[in-house]
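Structure first, then comments.
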């Protein structure tokens, strides 16, 4: 299983993730929801990396804005097959 994630990857498990930036900020943590995309950083863009610190039960997570430095999380686009394909 993958252990390091980049912006645009799907968040596999709801949890607290360590967030590593490209030289402009120290590591911090953010709670991210499964089924969303890992966000870009407003300053270092796609150079930010994520690593799962601990899994959190979805029932106990209240959706809120990410850390000030991260862009809003986007839903992972789903490919839908047309009927008859």
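Brief remarks follow.
- Potential lengthening between residue 26 and residue 55 on full extension [0.36 nm per residue; Cα-Cα distance subtracted]: 8.2 nm
- Label sites at residue 46 and residue 3, each approximated as a point 7 angstrom past Cα along Cα to Cβ, lie 2.5 nm apart.
- Computed across the range 4-58, the Kirkwood hydrodynamic radius from all distinct Cα-Cα pairs reaches 11.0 Å.
- Counting neighbouring Cβ atoms within 10 Å and putting the fewest first, the residues 5, 60 line up as 60, 5.
- Exposure proxy ranking, count of Cβ atoms within 10 Å, fewest first, for 36, 2: 2, 36
- In percent, rounded to a whole number, the relative contact order of the range 4-58 is 49, using alpha-carbon pairs under 8 Å and six or more apart.
- Taking other C-beta atoms within 10 angstrom as a stand-in for reagent exposure, 21, 28 fall in the order 28, 21, fewest first.
Bear in mind these aren't lab numbers, they're just calculated from the coordinates by the rules spelled out. Quick caveat, the model's predicted, so the values are computed rather than measured. Reconstructed Cβ throughout: ideal geometry from the backbone, glycine too, with neighbour counts over all protein chains shown.
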